[in-house]
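Here's the structure we're looking at; comments come further down.
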Amino acid sequence: MVGQAHSRLVHQRRVKILRGWIDSYLPAAATSVLDVGSGDGLVLSRIVQSRPGLVAKGIDVLPRAHTHVPVTLFDGRRIPYDDESFDAVMMIDVLHHTDDPAVLLGEARRVARQCILIKDHLRDGWLAAERLKFMDYLGNARYGVALPCVYWTQREWSRAFADLGLAVQRWQTELGLYPWFADWVFGRSLHFVARLGLTGKGEADGKCDV
């Protein structure tokens, strides 16, 4: 009951807003994108609608009866594509569902030619972990999604980016995912969207410029 209400009140708004953020961060010259942990691929499909000719693929650990873009199953650790296969790799609320986010983030760097786009959480602020766990349960438990609840602070994200040779090109925490009356509990500093340049690739040659 609560999960269904969450879907009606939050899901469609979330798809619309995340589509806007990811589309604005995706390089204008990008011709291909891989959505890691794509689910039903709805966000990616909305981006494709505004970018004719964009080659879009998804991978996920859970099969879906219907997807809006082609989705291939994978093991959640090794991305089944060759090095530098896609201009951009996107991961929307995926890394905190893995036991070791750095492993999958490293794989994203391997297969990306230009940049990585991330939407995820920040474990900063009052009862941040508890609020994030509650949101994760409402949004994902009924679908059988793994909930290891690996939430990083901004400092931990920054350290992981540096270790993997990733440079933050754009960063935003005020996303507007929720109506004003819910934002003070479930929004604010708990979410971020980032575009990461690849040291020696996008950052060096400017390919990630919008």
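Annotations
- 3J(HN,Hα) along region 70-81: x, 10, 10, 6, 9, 7, x, 10, 9, 6, x, 9 Hz, from the Karplus curve 6.51 cos²θ - 1.76 cosθ + 1.60 with θ = phi - 60°, whole Hz, x for Gly and Pro.
- Residues whose amide H comes within less than 5 Å of that of Thr153, counting only those at least five positions distant or on another chain, are Arg123 (H built at 1.01 Å from N in the peptide plane).
- Backbone geometry of region 88-104 corresponds, through the Karplus equation with coefficients 6.51, -1.76 and 1.60 at θ = phi - 60°, to 3J(HN,Hα) couplings of 9, 10, 10, 9, 9, 6, 10, 4, 6, 8, 9, 6, 9, x, 5, 5, 6 Hz, x marking Gly and Pro.
- Between Ser24 and Asp82, the modelled label-to-label distance comes to 3.6 nm, taking each label 7 Å out from Cα in the direction of the beta carbon.
- The GluC sites (Glu not before Pro) found in region 69-137 that occupy coil by DSSP, while having at most 16 further C-beta atoms within 10 Å, are Glu84.
- Over region 2-205, relative contact order from alpha-carbon pairs under 8 Å, at least 6 apart, %: 21
- Semi-axis lengths, Å, region 2-205, gyration tensor of Cα atoms, sqrt of 5 times eigenvalues: 24, 20, 17
- Between amide H atoms placed 1.01 Å from N, distances below 5 Å from Asp120 occur with Asp93, Phe192, all of them 5 or more places distant or on a separate chain.
- Mean Cβ neighbour count within 10 Å, used as a protection proxy, ranking 89-100, 64-75 highest first: 89-100, 64-75
Throughout, read-outs are computed from the coordinates displayed, never taken from laboratory work. Nothing here was measured: the structure is a model prediction, and the numbers come from that model. Note: ideal-geometry Cβ built from the backbone for every residue, glycine included; neighbour counts use all protein chains shown.
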